[in-house]
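Student: Would you mind keeping the following structure in view while I ask a few things?
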Amino acid sequence: MALALDPGGIIRAITAMHRQGWDVPVALMTPSDLNTEEALGELLDGATMGSGYLNPSAHPEAPGVRAWLGVVRKYSARRDITDPYCQQAYVSALLMVEALKRAGPRPTRESFLRALEGMRSFESGLRPPISFSGRQHEPVACAEYLVREEGRWRPLHPRWICVDGSDPSLPQG
C-alpha cells in the first residue's frame, strides 16, 4: 500500500492499519520526518520510502547532511529538524545564493535567470548534482529508495535512481 500523505496523515493511517490487524507492506511516497519515525517506532519496520533528498537517519555522517543539520541547529529558533521540507528550503537557498553570485555584483532578473539556467552539476550535498538549462527547469528527477529495518532507514541501492538515465552515487556516510 502506498501512502502519499502529510506526516500526521501517515501516522494516523499506519496506526489505524495496525489496530485493525492489517499486515501489508507500506511504501511511503513522501519524505519521512523524525516525528513520524518516533511516533510509529517498530510499526515502520518493513516500510519502503522514496525520497529526492538524503534521509538524515540513513546518512547521518554524509557531509551534506552534516552541513544542513549544522545550519538548522545554528539558525532555527525551534531547533526543529523534523520538518521533511526543511531540506528542500535549504537546497533552494543554496541554489539562489549561487545563482546570485554568478549573476554578478548588480544582478538583474535576466542575469539571474541566465546564471541559473547555466548551472551544471551543482552539488548541494543533499541531492544528486543539479543542472538547469533554458529548456530544463526541473533540476533533478532522482530518488533514493530505502527500507526501514530495526528502527533505521537503509538504502536499497547504492545509487540515486534517476528518470533521465543518469547514475549518480549516493554519498558515503
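Student: Going by how many other Cβ atoms sit within 10 Å of their own, how do H18, H137, H59 line up, fewest first? Present the calculation step by step, with values, prior to reporting the outcome.
Tutor: Working: H18 13, H137 9, H59 22.
Sorted ascending by nearby Cβ count, the order is H137, H18, H59.
Student: Still on this structure, I have one more. Can you sort D167, D23 by how many other beta carbons sit within 10 Å, fewest first? Mind dumping the intermediate values first?
Tutor: Values: D167 11, D23 7.
The most exposed by this proxy come first: D23, D167.
Student: Another one. In deg cm²/dmol and to the nearest 500, what is the mean residue ellipticity at 222 nm of the chain if only DSSP H runs of at least 4 residues count, each as -39500 (n - 2.57), divided by the residue total?
Tutor: Numbers: 5 runs with 59 residues, N = 173.
That calculation yields -10500 deg cm²/dmol at 222 nm.
Student: If I model a spin label as a point 7 Å beyond the Cα along the Cα-Cβ vector, how far apart are those points for V97 and T15 in nm?
Tutor: The modelled label-to-label distance comes out at 3.8 nm.
Student: Unpartnered cysteines of the chain (Cβ-Cβ under 4.7 Å counts as a partner)?
Tutor: Result for the chain is C86, no neighbouring Cys Cβ within the cutoff.
Student: Calculate the FRET efficiency for E138 and R73 from the Cβ-Cβ distance with a Förster distance of 35 Å, rounded to the nearest 0.05. If you can, show how the numbers build up before the last one.
Tutor: Values: r = 30 Å, r/R0 = 0.87.
After rounding to 0.05, the efficiency reads 0.70.
Student: Let me ask something else. Using a 10 Å Cβ count of at most 16 others and DSSP loop calls, identify the longest part of the chain lacking such trypsin sites (Lys or Arg not before Pro). Don't skip to the end; give the middle numbers.
Tutor: Details: sites that count: R78, R79, R120, R135.
Answer from the scan: 1-77.
Student: If each residue's Cβ is checked for other Cβ atoms within 10 Å, how do L126, L170 rank with the fewest at the top? Working shown, then result.
Tutor: Details: L126 23, L170 16.
The most exposed by this proxy come first: L170, L126.
Quick note: the coordinates plus some simple rules give every number you see, no bench work behind them. What you are looking at is a predicted structure, and each value in this text was computed from that prediction instead of being measured. Ideal geometry is used to build each Cβ from the backbone, glycine not excepted, and the neighbour counts take in all protein chains shown.
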